[in-house]
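The values are calculated or read from the model by the stated rules, or taken from the named source; none is laboratory data. Quick caveat: nothing in here was measured; it's all calculated off a predicted structure. All Cβ positions, glycine included, derive from the backbone under ideal geometry; neighbour counts span all protein chains shown. Note: accessible area is taken over every heavy atom of the protein model, side chains too, but ligands, DNA and RNA are not part of it. Shrake-Rupley method; radii C 1.70, N 1.55, O 1.52, S 1.80 Å.
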Amino acid sequence: MLDIETTGVDPKIDDVLQIAIVEMNYQADGYWQIGRQLNFFQNTTRQPDNSFAREQMSDLFAFCQKQPFVPVPEARQKIL
C-alpha cells in the first residue's frame, strides 16, 4: 500500500509532505500479513493554501515543518 500526502497537486510548485509504504504479503491461508514499512516525512515551509488542508492537515504541516530537509537523491534511496 502506498500513500502520499502533498501540499497540492501541481508538481512544479507543491511539496511532498509524507510517503507511507506498507508491504503486504498474501499468505496461503487467504490472509494478508504486514511486511516492511516506511513512513517518510519531509520538511516544508509551505503553509496550507486551501480550506481542506487548513482544516484536515494542519497537524501534518506543523509536524513536517519540524523535520529535517532531505535532498531528493537521499529521499529516493530511503524509499528504495
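Is there a residue being outside any helix (DSSP H, G or I), in contact with an Asp or Glu (Cβ under 7 Å, 6 or more places away or on another chain) and not β-branched (Val, Ile, Thr) anywhere in the stretch 4-15? Yes, some residue in the stretch 4-15 is outside any helix (DSSP H, G or I), in contact with an Asp or Glu (Cβ under 7 Å, 6 or more places away or on another chain) and not β-branched (Val, Ile, Thr). Among residues of the stretch 1-20 that are touching a residue at least 40 places away in the same chain (Cβ under 8 Å), those with a Cβ under 6 angstrom from a residue that is charged (D, E, K, R) and surrounded by 10 or more Cβ atoms within 10 Å (Cβ to Cβ), sequence gap 6+ or separate chain, pair up as 7/14; 7/15; 7/46; 8/14; 17/5; 18/5. When the residues of the stretch 24-69 are narrowed to those that are closer than 20 Å to residue 1 by Cα and within 15 Å of the chain's Cα centre (by Cα), which ends up most open to solvent (accessible area, probe 1.4 Å)? Only one residue tops the list, namely 37. So, in the stretch 71-80, of the ones that are within 15 Å of residue 4 (Cβ to Cβ) and of a type in the set (A, V, I, L, M, F, W, C), which residue ends up least open to solvent (accessible area, probe 1.4 Å)? Going through the qualifying residues, I end up with 75.
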